[in-house]
Amino acid sequence: MKIKAINGFKDILPEEVALWRQLETTAREIFRCFGVEEIRLPILEKTELFARSIGGTTDIVEKEMYSFTDKGITLRPEATASLLRAYIQHGFHVRQPVQRLFTIGPMFRHERPQKGRQRQFHQIDIEIIGGEEPAIDAELMAIGQLFLTRLNLEVSLEINSLGCTRCRPGFRKSLIQYLNDYKEQLCDDCKRRLNSNPLRVLDCKSRTCKALVQDAPSILDSLCDDCDRHFSTVQEHLDNLGVVYTLNRFMVRGLDYYCRTTFEFLTSDLGAQAAVAAGGRYDGLIEQLGGPKNTPGIGFAMGMERLTLLMEQQQKETVPVRANIFVAALGEAAIKHGSSLIYQLRKLGLRADIDYKDRSLKAQMKQAGRTNARFTLIIGEQELEQQKGILRNMDTKEQTPFPLLESTEHQAEQLRQLIRTS
Ligand code: ATP
Ligand code: MG
């Protein structure tokens, strides 16, 4: 019986890896310019870390975590909590007043798998810790915008403010009051959320709930003076940087720790999985996790599966990697010569292939075609004897003699010159 991968867990195949690499390389290039340093984190953490940060009444903690209950540990469902745990544990706050960090890796959530939604998925996560200035919120969103633009992706940015512990309770109360009148019409999830996590009703995907909240009170009308000023200054900075955005007062995010600015980068090309990146501010969280007092932070995570899907959909064809040279060797002595030659070519940083099976020339030419080689060097017994191989340009089909003189090292160098100038 064949054993298959677990539902919601996927292999990333060689032909897909190019896009993943492009994502990672682009992220690293941009982050470097913004002074964002990489940190690599474990994928298992104490369950308590997530319960305390993400919040007990959120979907993630209620039903999506992969936990080893006998050991009290959990596969991380997101990266912010782990990153802040590391920030606190290693005393990062004494290194620099404002610390910019990123991490890339797999996350685990037990949700229903569908296009752009898996149980193991990957995120590029970035956090700016130690600054509460609105300019930082804008800078972070600008990083996201620049990254997505570099990848030629068309997405839109939506922003909202969730207020703080001073102004949100008042809003929560008036929202519950409003929703209570429509209680019977809400979906089952929202009936349950109404008292535990009423803000989540605002971004419920169900059509009836969506319609019901249209006239609900807006959080933007309940912000305290500080939060209101913060949010309008964030918008001024976004305008200043030329980052285009729209306000969405229904966006609340699924994690408890957010306050003030929240944002999402959205696409209309992936069906229900519209968010390719999302995040927000979490000013009280570091203290709540046992870190230094008054350490604000803001961050966001990009979903790499959704980004690669979008790249496939929105980007033009990428050029496949070409094998530079294929050596078609006929007979034992030629294979020996050929294997030494391709090793020299590889040492020079060129892609080179050979078929050790000593098959017919026709079979080997077919193999050369499969590797998408630019040149094939044909070496048989006669060619070895006369020290003259046949070099075939696979695009023009033109064949020229190639001297098999001196060492294979020397021959590899000759081939490199040839490839460079052709
Ligand atoms: P959604 O509303 O789509 O469930 P979320 O609010 O749960 O997203 P976040 O926790 O904010 O997602 O994670 C940030 C990003 O990570 C998302 O915008 C998305 O691109 C990606 N992401 C989240 N969950 C998954 C998943 N199960 N599979 C693939 N990507 C995911
Ligand atoms: Mg989710």
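FYI, it's all coordinate maths here, none of it is from the lab. These numbers were taken from a predicted model, which means no experiment stands behind them. Positions of Cβ are generated from backbone atoms using ideal geometry, with glycine treated the same way; all protein chains shown enter the neighbour counts.
Numbers at a glance
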read-out	value
Calculated on alpha-carbon atoms, Rg and Dmax of the range 325-416 in Å	11.6, 30
The range 325-416: relative contact order as a whole-number percent, Cα under 8 Å and 6+ apart	32
Cβ-based exposure ranking for Cys259, Cys224, in which fewest neighbours within 10 Å come first	Cys224, Cys259
Part-to-part distance (alpha-carbon centres) for the range 226-243 and the range 167-184, which is given in Å	28
Inter-label distance for Gln214 and Met1, nm, one decimal - labels placed 7 Å from Cα along Cα-to-Cβ	5.2
Fluctuation leader among Phe326, Phe263, Phe92 - the chain, Gaussian network, Cα springs under 10 angstrom	Phe326
For the range 325-416, size of Cβ-based charge dipole, Lys and Arg +1, Asp and Glu -1, in debye	460
Arg420-Ser268 FRET efficiency (beta carbon distance; Förster radius 35 Å; 0.05 resolution)	0.20
Listed residue (Ala79, Ala328, Ala301) projecting farthest to the positive dipole end of the chain, Cβ model	Ala328
Additional length obtainable on full extension of the chain from Ile176 to Gln387, 0.36 nm per residue less Cα span	67.2 nm
For the chain, calculated [θ]222 nm from helices alone, where every DSSP H run of n ≥ 4 adds -39500 (n - 2.57)	-12000 deg cm²/dmol
Net charge dipole size for the chain [Lys, Arg +1 and Asp, Glu -1 on Cβ; Debye, nearest 20]	1000
Average Cα contact separation per residue, the chain, under 8 Å, 6 or more apart, as relative contact order %	15
Cut-off 16 Å, label 7 Å out along Cα→Cβ of Tyr356, residues of the range 324-339 by amide N	327-339
Separation of alpha-carbon centers, the range 406-420 and the range 186-203, rounded to whole Å	69
Under 15 Å between alpha carbons - lysine pairs in the range 325-416 that sit 8 or more apart or on different chains	4
Two-site FRET efficiency, Glu287 against Thr400, from Cβ-Cβ distance with R₀ of 60 Å, rounded to 0.05	0.25
Sparse-neighbourhood loop sites, trypsin sites (Lys or Arg not before Pro) in the range 51-158 - DSSP loop, at most 14 other Cβ within 10 angstrom	Lys71, Arg95, Lys115
Loop-exposed GluC sites (Glu not before Pro) per DSSP, neighbour cap 13 Cβ within 10 angstrom, longest uninterrupted part of the chain	155-316
Alpha carbon centroid spacing (whole Å) that separates the range 344-369 from the range 24-72	44
The chain: C-alpha pair distances exceeding 31 Å, %	52
Potential extension, Thr69-Glu184 segment - 0.36 nm per residue separation minus Cα distance	37.8 nm
